[in-house]
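The values are calculated or read from the model by the stated rules, or taken from the named source; none is laboratory data. Model, not experiment: these values are computed from the prediction. Neighbour counts run over all protein chains shown; Cβ positions are idealised from the backbone, glycine included. When the accessible area is computed, the model is the full protein with side chains, heavy atoms only, and any ligands, DNA or RNA have been set aside. Shrake-Rupley method; radii C 1.70, N 1.55, O 1.52, S 1.80 Å.
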Amino acid sequence: MFSAISRVFRTPDLRRKILFTLGMIALYRLGTTIPAPHVNFANVQTCVDGMNTDGQTNLFSMLNLFSGGALMQLSIFALGIMPYITASIIIQLLRVVVPHFEALHKEGQSGQTKLTQYTRYLTIALAVLQATTLLTVARTGGLFGANTDAACSNVLDLVAETTGFDVTTNIIRMVIMVTAMTAGTAAIMWFGELITERGVGNGMSLLIFTSICASFPQAMWSLMSGTGGGITFAVIIVLAFLVLVAVIYVEQSQRRIPVQYARRMVGRRTYGGQSTYIPIKVNQAGVIPVIFASSLLMLPSLVAQFNTPTDGTTAPEWVIWIQNNFVSGDTWPYMLTYFLLIIGFAYFYVYIAFNPDEVAENMRRQGGFVPGIRAGQPTADYLAHVLNRITFPGSIYLGIIALLPLIALATVSANQNFPLGGASILILVGVGLETVKQIDAQLQQRNYEGLLR
């Protein structure tokens, strides 16, 4: 292993790519520590320390995890990469309902370039919307959950309404903060594209990977200090290792459907005749169903928050029920709904990402067929049948992994940023394996011996 790593850094081109990637990651982490303009950094730190002490969680926990803690710090990179991820998912979903987007997808490189440009524009629009929402919630003191410290309601340096209140000054300061956070999102998007183009691995995925890894020391310390001793902590680490091994095994598992291409003559040359396969992963949807389900479960909390009386009167019964069952995540209605939503979104996204009819039609045009299955619609039906059967255990696996942080929340008083389950471990394993494979492939091109054995 050490000799393989040394070969990586002895290869000039590969060494330059890895160092460039590490430099971009360092710049990204530096930006997460720089507070946005007109943010009271001392008050923010007080509120964050209070949340770390009592283990409070709220609906911004997952977003804070993906931003590497920058969201709660209200830094210039507070929004992280989430606006870009959301924009990418929206553009991908619009292919189903907007024929123009589907036509661009089929045009090849030129069409993909236009879709990428649309994704960038939508990212900036979503960043403006999310920054405005984030600052509005921070101004009202709701960003830090139930933290009652007076500093949590004064994290923004705005003019108080009681002394020299000036609406214009506050509006200008809010516009400056929104602009700074939007520019931060654009910079992160640029970093990711530079890493993809000049570095190693997928830039956007690596930035998320870095953000999640950055939260590990604090999360581990929280587990160590809140689980009741070193023995319990050791048991959690052993279980986490077993979960990690299981996730790697499932993420690498796939069903290979054999495909045979008919031999054909074009002039004096023979084409086709080779055998290949279509790989269908057990977890074909990746982490997207978990993100979809988590985002959808934020809506009840938002509705309840906006319908909670501010004059001290009792909230309606339905608001109280939502606050008791759909906020903290350690209740059985939340867990059951979360599990079922993940299963539903897994099937939904798999059929968007892998269209059996489209795959069967492409195979027919190229003279390919599945042995024993007729080309055309029978092949599409067969692919759909296999996809249904393999998606079911994959969706169950996703639901179980996603529930691990909630189970930890209910049993050992961990917070929802528990790093050894849910979307975090899926992203860590997926991005880590893909990046190592890319390094291995580039190393084999130059040294005939890769990083993996």
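Side notes on the structure shown:
- Heavy-atom accessible area order for Asp357, Asp157, largest first, 1.4 Å probe: Asp357, Asp157
- Three-way shape label, the range 1-40, alpha-carbon gyration tensor, a/c 1.5: prolate
- Spatial offset of the range 57-127 relative to the range 323-351 amounts to 22 Å, using the alpha carbon center of each.
- 25 Å Cα-Cα threshold exceeded, pairs from Lys114/Lys281; Lys17/Lys437; Lys106/Lys281: Lys114/Lys281
- Additional length obtainable on full extension of the chain from Gln445 to His100, 0.36 nm per residue less Cα span: 120.3 nm
- Percent RCO, i.e. relative contact order, over the range 63-156, from Cα pairs under 8 Å lying at least 6 residues apart: 21 percent
- Estimated at the nearest 10 Å², the accessible area of Asp381 is 90 Å² with a 1.4 Å probe.
- At the residue level, Ile278 shows approximately 30 square angstrom of accessible surface with a 1.4 angstrom probe and all protein chains present.
- The magnitude of the dipole of the range 312-411, with charges of +1 and -1 set on the Cβ of Lys/Arg and Asp/Glu and taken from the Cα centre, is near 360 debye.
- Between amide H atoms placed 1.01 Å from N, distances below 5 Å from Ile278 occur with Ile257, Val259, all of them 5 or more places distant or on a separate chain.
- Counting only protein chain heavy atoms and rolling a 1.4 Å probe, the accessible areas of Phe9, Phe241, Phe345 rank, largest first, as Phe241, Phe9, Phe345.
- Accessible surface of Arg255 - all protein chains present, 1.4 Å probe, nearest 10 Å²: 100 Å²
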